[in-house]
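The values are calculated or read from the model by the stated rules, or taken from the named source; none is laboratory data. These figures come from a predicted structure and were not determined experimentally. Glycine gets a Cβ as well: all are built from the backbone with ideal geometry, and neighbour counts include every protein chain shown. Quick note on the areas: whole protein, heavy atoms, side chains included, nothing else; ligands and nucleic acids left out. Shrake-Rupley method; radii C 1.70, N 1.55, O 1.52, S 1.80 Å.
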Amino acid sequence: MRTKELMKAWEELSPIQRQAAEWADGPLLVLAGPGSGKTKVLTCRIARLLESTLDENFRVLGLTFTNKAADEMRSRVANFVPGQEERLFLGTFHSFCADVLRLHGTHLGINPNFHIYSQDADLQAVLNNAVEEAKKISDVVSDLDKKTLSVIQRLKAFLILPEQCCEIFKNKEFGERMAAVYPAYEAELCKRNALDFNSLILKTYQLLTKFPVFAKRYRIVYPYICIDEFQDANQAQYGLIRALAGDQHRNLFVVADDDQIIYQWNGASHERLKELLNDFSPMVIQLPMNYRCPPEIVELANNLIRHNFLRTADKKPLEAFRHGLGKGTVRLLECFPDVEAEAAEVAKDIKNLHSGHFGSVVVLGRNRKLLDGVDIALRHEGLPAVISQRKDEFESTPFVWLHSTLRLANDGQNRRYLEAVCGSFAQLTQVEIDVEDVISQSQALSMGYLQIWIRLLNQKTTETFVKEIVNETSRCLVRGRDFQAFSKSALAWFTSLAQAQRQAESDPYNEVFTRYDEEKLVWEELMGEIKRNLGEEPTLEAFLQELQMRSKEPPPKANTVVLMTIHGAKGKEFDHVYLIGLVDDELPSFQSKKKGDRSQEMEEERRNCFVAITRTIRTLTLSYGKKYRGWPKEPSRFLFEMGLLKR
């Protein structure tokens, strides 16, 4: 029986949205503009598939590009069809591939408890070691090849294997070097039992193509595949989709917007949509109605994007659902003398117009440098502000210790994790254990680093509060694998330590606990999200792999102005949007100008501007100056194309 929640959502669908949500079998491409309700359409479609097949065992596969989007959609589906979410995998491409490789990666020599390297520092260390090894077998390899990390990642994004790379470079000498460095890099990752992000996709593609029986199995388990934000897919992700679908599997439901392709640097391209149309011949449904933006902004967006040529044929312009909000909906501020004056006046404008409601304001810029200037200006005005950016690691001492201890429990001979455990624990307790002592005793006794660390701690301290957490670590992580119980014990211990410290010291915010409160909220939220994704009892390996793929950035505090790059804002919406730095060389970028007015790069810059302005729910304020970093600039051509300036 259909739930009230699903019935309500279904009734709110427009006729064209309902046509898409009712789609049953066969390939369908939904061209959904910004603010068109695509998430509701996608979740209603998934919920309908599950609700109409309660007595069947198949699962639905939903793939998207951010964990936040996946979590939101999973929550909606669970609300629509409670109890059926177990028949759904809804996550990122990387999460799905990690899941596949945990189950079947051994066929490619991948250990199920592999680590995922996401930080450039880790990947650069891998490359540095790889180059040193490659130099031993190839005279053409040199230290210059330690700068080829981006090349290797690009090769993986195009599904190019180490044995293939020698032939693809026009520069034969460089191809020969990469033919030595790339396999050495892969060997070093294997030695560390690690995969990088692009390896997750590449290795899963290899598995499905090298062992077709697994691809066939996944087609049986997942007869329906739904893909969100398809325009962001690179060659590797599309190759994965093709490998999953094969030649007969046609139940592909794809949501995309070629006017929002802004990840060209990562391999996204309008060519993906062409390939999809050619390979699957899907029916196309367009959702041009915009439910988010006032009509004044919809008009600007249409004026702007019609200057692009690389668009789907017969693409319909956006239509405004809402009524106009009147004067002040769109404001172009007077040209400022320089970027500093622009930042200062934008900050004052926010203070004057949005006092008490700063949390409804976002400042968008093409790059981080522009945001830094506004951040300083906002703080000068006494306004709370935060620059939103991905954060891959915890920073507070308690969570460095907790995370590192779990990693060491999972990877018993990892020196880097051991160093983090010893260092952070010494900061928390003033009890120091020498890393070299742990390693030497581990080698002598053939025991893991964590077990030896616990042993040395028990020998060194008699402090009750230290003994208790050490015993809990041993019980949960050495004698067992109950990382959730360990996490609860650690959080309780941190709370008691923080309380004791605040009572003992005049400074209640000792640096050991800097950012602790916000990271505690992040930890608890991530723990909940991962359990909803993987089930209530995930393995430690799966938990750590999923944790590594998620940002540890805390949500902004209430009543705080958020500053974001345009790329970071994609998929989000805000009441009041400020778009700064609207000059040629910033938006569009200098590099796109060099490529030319009709280049793919210039079209992507126009899409960046399109994405930025369509984040708006209520008001849009645009600004620009005459000088940036001492150089004179012209107003952005996009201001003219939108009709806000006249030539």
(request) Read through the list (1) surrounded by fewer than 22 Cβ atoms within 10 Å (Cβ to Cβ); (2) closer than 21 Å to residue 17 by Cβ, then give the number of the only condition that residue 299 fails. (result) (2)
(request) Output the number of the condition that residue 143 fails; it satisfies all remaining conditions of (1) free of Cβ contacts under 8 Å to residues at least 24 places away in the same chain; (2) under 30 Å from residue 413 (Cα atoms); (3) open to solvent by less than 40 Å² (accessible area, probe 1.4 Å). (result) (3)
(request) Could you please find all residues in segment 116-140 being buried (at least 19 other Cβ atoms within 10 Å of the Cβ), under 27 Å from the mean Cα position of the chain (by Cα) and closer than 15 Å to residue 177 by Cα? (result) 127
(request) Those residues that are without any contact (Cβ under 8 Å) to a residue 40 or more places away in the chain and under 29 Å from residue 438 (Cβ atoms), I need them from segment 366-400; list them, please. (result) 400
(message) I'd like to verify a number: residues in segment 146-168 that are touching a residue at least 12 places away in the same chain (Cβ under 8 Å), open to solvent by 40 Å² or more (accessible area, probe 1.4 Å) and polar (S, T, N, Q), how many?
(response) 0
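In the set 171, 79, which member is open to solvent by 20 Å² or more (accessible area, probe 1.4 Å), closer than 30 Å to residue 41 by Cα and out of contact with any Lys or Arg (no Cβ under 8 Å at 6 or more places or on another chain)? Spell out the reasoning first.
Numbers: 171 fails: closer than 30 Å to residue 41 by Cα.
It is 79.
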(request) Out of 390, 407, 379, report the one residue that is assigned to a helix (DSSP H, G or I), closer than 25 Å to residue 523 by Cβ and either modelled with pLDDT of 90 or more or under 23 Å from the mean Cα position of the chain (by Cα) (or both). (result) 407
(message) Filter segment 412-423 down to the residues that are more than 15 Å from residue 454 (Cβ to Cβ) and either open to solvent by 30 Å² or more (accessible area, probe 1.4 Å) or in a helix (DSSP H, G or I) (or both) and list them by number.
(response) 413, 415, 416, 419, 420, 423
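Return the residues of segment 541-567 that are within 22 Å of the chain's Cα centre (by Cα) and open to solvent by 30 Å² or more (accessible area, probe 1.4 Å); say none if nothing qualifies. It would help to see each step written out before you state the result.
As a first pass, look at segment 541-567 and keep what is within 22 Å of the chain's Cα centre (by Cα): 541-557, 561-567.
The answer is 541, 551, 553, 555, 556, 557, 565, 567.
Matching residues to (1) within 15 Å of residue 362 (Cβ to Cβ); (2) among the aliphatic types (A, V, I, L, M):
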| position | (1), (2) |
| --- | --- |
| 586 | no, no |
| 590 | no, no |
| 599 | no, no |
| 612 | yes, yes |
| 616 | yes, no |
| 622 | yes, yes |
| 627 | no, no |
| 631 | no, no |
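Condition check ((1) crowded, with 17+ Cβ neighbours inside 10 Å; (2) under 18 Å from residue 609 (Cα atoms)) across all residues:
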{"site": "313", "(1), (2)": "no, no"}
{"site": "320", "(1), (2)": "yes, no"}
{"site": "331", "(1), (2)": "no, yes"}
{"site": "356", "(1), (2)": "no, no"}
{"site": "366", "(1), (2)": "yes, yes"}
{"site": "373", "(1), (2)": "yes, no"}
{"site": "382", "(1), (2)": "no, no"}
(request) State which residue is surrounded by the most Cβ atoms within 10 Å (Cβ to Cβ) when the search covers only segment 237-288 and only residues that are under 19 Å from residue 609 (Cα atoms) and aromatic (Phe, Trp, Tyr). (result) 263
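Identify all residues within segment 259-312 that are basic (Lys, Arg) and outside any loop (DSSP other than H, G, I, E, B); write none if there are none. Before you say what the answer is, go through the steps one by one.
As a first pass, look at segment 259-312 and keep what is basic (Lys, Arg): 272, 274, 292, 306, 311.
If the condition is that a residue be basic (Lys, Arg) and outside any loop (DSSP other than H, G, I, E, B), then 272, 274 are the ones that fit.
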(request) Assess whether residue 497 counts as being modelled with pLDDT of 90 or more, under 37 Å from the mean Cα position of the chain (by Cα), open to solvent by 10 Å² or more (accessible area, probe 1.4 Å) and closer than 16 Å to residue 398 by Cβ. (result) no
(message) Here is a check on your reading of the model: is residue 113 modelled with pLDDT under 90, under 23 Å from the mean Cα position of the chain (by Cα) and part of a loop (DSSP other than H, G, I, E, B)?
(response) yes
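Criterion first (under 25 Å from residue 643 (Cα atoms), among the small types (Gly, Ala, Ser) and not in a loop (DSSP other than H, G, I, E, B)) does residue 347 satisfy it? I'd like the intermediate steps shown before the answer.
On the way: under 25 Å from residue 643 (Cα atoms): no; among the small types (Gly, Ala, Ser): yes; not in a loop (DSSP other than H, G, I, E, B): yes.
Criteria not met by residue 347.
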(message) Quick check on segment 520-540: of everything there that is more than 18 Å from the chain's Cα centre (by Cα) and among the acidic types (Asp, Glu), which residue is least open to solvent (accessible area, probe 1.4 Å)?
(response) 524
